[in-house]
1. Considering only protein heavy atoms and a probe of 1.4 Å, how much of the accessible area of the range 50-183 is carbon and sulfur, as a whole percent?
2. Leaving ligands, DNA and RNA out of it, work out the accessible area of LEU334 with a 1.4 Å probe and give it in Å² to the nearest 10.
3. For the range 370-419, what % of the accessible area comes from carbon and sulfur atoms, probe 1.4 Å?
4. Going 7 Å from the Cα of VAL177 toward and past its Cβ, which residues in the range 188-211 have a backbone nitrogen under 13 Å from where you end up?
5. Tell me the per residue accessible area of the chain using a 1.4 Å probe; a whole number in Å² is fine.
6. Per residue of the range 102-119, what does 6.51 cos²θ - 1.76 cosθ + 1.60 with θ = phi - 60° give for ³J(HN,Hα)? Whole Hz please, x for Gly and Pro, Karplus curve as stated.
7. Can you tell me the relative contact order of the range 175-282? Whole percent, Cα pairs under 8 Å, sequence separation 6 or more.
8. Give me the percent of accessible area attributable to carbon and sulfur for the range 427-470, probe 1.4 angstrom.
Amino acid sequence: MKWVGIAMALAACAKPSAVDGLADAGPVLPTVEDVDPPPGAVQAGAHFTVRFSATMDEGQLLAASGRSESVVLALEEDAERAAAAIEHAPLSAHERTLLVPAAAQVASDRRSISLAPDPPLAPGGYFLLVSPRLKDELGRRLAGNGARFAFHVVAPPPTAKLRFPPAGGEAPWNLQVVRASAQSGRVALLGPRGEELASADAHGPVELKLPGPLAAGAEYSLSLDGSVVADQTFTAAPCARSAAPALQGGVAELAVSDTAVTTRLVLDWPAQIGITVEDERGTAVAAAGEILCAPPACGPQSFACAGSIRIDGLQPATDYTLSVTARDDFGFSLRAAPQPFSTVAALPRALISEVMASGVDGEYVELFNLGPGSADLESLALQGSDGMLRPLLASPPPLPAILAPGARALAVGASFDASLYPALPAGTSVLRASTQRLLGRGLSDDAPPPFRLVAAAAVAVELAEFPGSDQHCPSGASLQRDEAVPPDTPAPWICGRVGGTPGRPP
C-alpha cells in the first residue's frame, strides 16, 4: 500500500496540508487539513492534533477502549507495520503493541482529534499515522490512502533542579545546605545580585553548602555551567529554624518480617535519615536515606514528611534494637529512643506471582507458595496504600485453607467470575474477599497500585509485595513476576500473556 508522502516535503511549513498530495481525489472528499505541531523536531512532552476538512465519524476516530486506532503515533521502526495494522479494525492485542500509548480527545465539532502520549516521548523518530479507512459523517472515505507525518524528538538540554528548598518555595534564612541535582556539569547557587555562593560538580544529587545565612526576602537561583536555570529559584523566609526534626509520636512504625524490618517515619521537617539495627551480641546493620518535603517555612508545625527505609538480612526469631537519627540542613539532629523488636519465626515463602487488572469480574492476584512448608491462608491479608488489612477470605471456610508447597491460589473480590478463565486448573484455591473488588476499590487497569501480602497479626508481617506498575500491557494481559528471584528481593515485572495464567506457571 502507498501512503501519501507529505510529511518530509512539508517539514518546514507551519501548516502542513494533505491536499497537495490528494489533488486527484476531488473536492468532495474529506482530507487532512492541518497537523499541529508541524512535522519535524518536537519536545518530549509534545501533544499532537490532526484537523480534517469535514466533520468525521467519531465511531471510527475512537475505539471501544477510548483510545484511537485510526489516528496513531508509532516509533519510526514500527511505522510500516503500524500503518498496515490500522487499515482494518479492530486491532489485535499484538498490533496495539506497535502503537505509542496515548490518550485521545475528539473535538466537539468532530473535525479534529488530539493525541497525548502517556509517558514523555523518548528521543528518536516517530510517525503520526492517519488510517485510510476514516470516513466523514456522510460516509465519504478520506481522500487518498491515508497520511503519515514524521517527527523527531530531540534529547532535552542539560538542566539542574532544586530538591530542597523546592523551586518557587521558601526556606528559613538560617539554611546551611541547598540540595539540587543535575546529570552533569557545574551546578551553582546564585545570590540576589547574581553572585556565586556555592558550587559543585554534578553527577546526580549535589549538596551546596552555604558560606553564611541567607538574606530574608531575597531570591536565590540555580545555574548550570554558568547559565541561570529557568524557574529554579527560592526565597529566604523572614524566620529561622530553631529546633531539630520531630518524629510523629516519638517512634517509628515498624513492619517486621522474618528477615527484614521496614521503618516508616513521619517528620515535621526534611531530613537525612540513619537507621541502625543491632542484635544482643552487638552486631549492627545500618542503612541511610532521606525524606524531602516542603512544609511551610514559617507556619505551624505539620507532620507532612513521610518516608520509609528497609533493612534486609536479619535473622528469624531474633531480638533486635532499632535506632533512628534525623539530621536536617540547619545543623540540628534528632536521635530517637531505641525501639526493641523481634523478627518472627520462619514464615511461608510466598510470592505475589501474577496480577490481573482486567475489569470488575476478571481481576485476581495469584499467590505461589515456594515452600518448604504449607501456608495457612486464613492468616493472610492484602494491605494497600491506605494501610488497611483486608483478609483473603471473607469468612472462615468449613475446612482449613492450606496452600501446599508449590501450589498456587487466587485472591479475588466477591464479584470474581471464574468462568472467564476456562483454563484455570481444577482444584485451584479461589479466595474470595468481603469486598466486591480487591483492595476495596479494585485494581486500576492502567496503573495497578502497590500492595503487600502480609500475615495478619498484632504487627503486620510482610511476606511479599507488588510494587505497582505503570507498564502499558496489551488489553487483557496480566503482569508477571520473575519467579526465579527470591521473595525477599525486588524482582522485575513484565507483561504476561493475554488472558493470564491463573493457577499455572507463566
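The values are calculated or read from the model by the stated rules, or taken from the named source; none is laboratory data. Quantities reported herein were computed from a predicted structural model and do not represent experimental measurements. Every residue, glycine among them, receives a Cβ derived from its backbone with ideal geometry; neighbour counts consider all protein chains shown. Accessible surface is based on the protein model in full, side chains and every heavy atom, while ligands, DNA and RNA are left aside. Shrake-Rupley method; radii C 1.70, N 1.55, O 1.52, S 1.80 Å.
1. Numbers: 3020 of 5790 Å².
Summing carbon and sulfur atoms, their accessible area is 52 percent of the total for the range 50-183.
2. My reading of the accessible area for LEU334 is about 40 Å².
3. That share works out to 62 percent.
4. Backbone N within reach: 205-210.
5. Working: 23540 Å² over 506 residues.
Result: 47 Å² of accessible area for each residue.
6. Result, rounded to whole Hz: 8, 6, 10, 9, 8, 5, 4, 8, 6, 10, 7, 9, 10, 10, 10, x, 4, x.
7. Relative contact order comes out at 19 percent.
8. 47 percent
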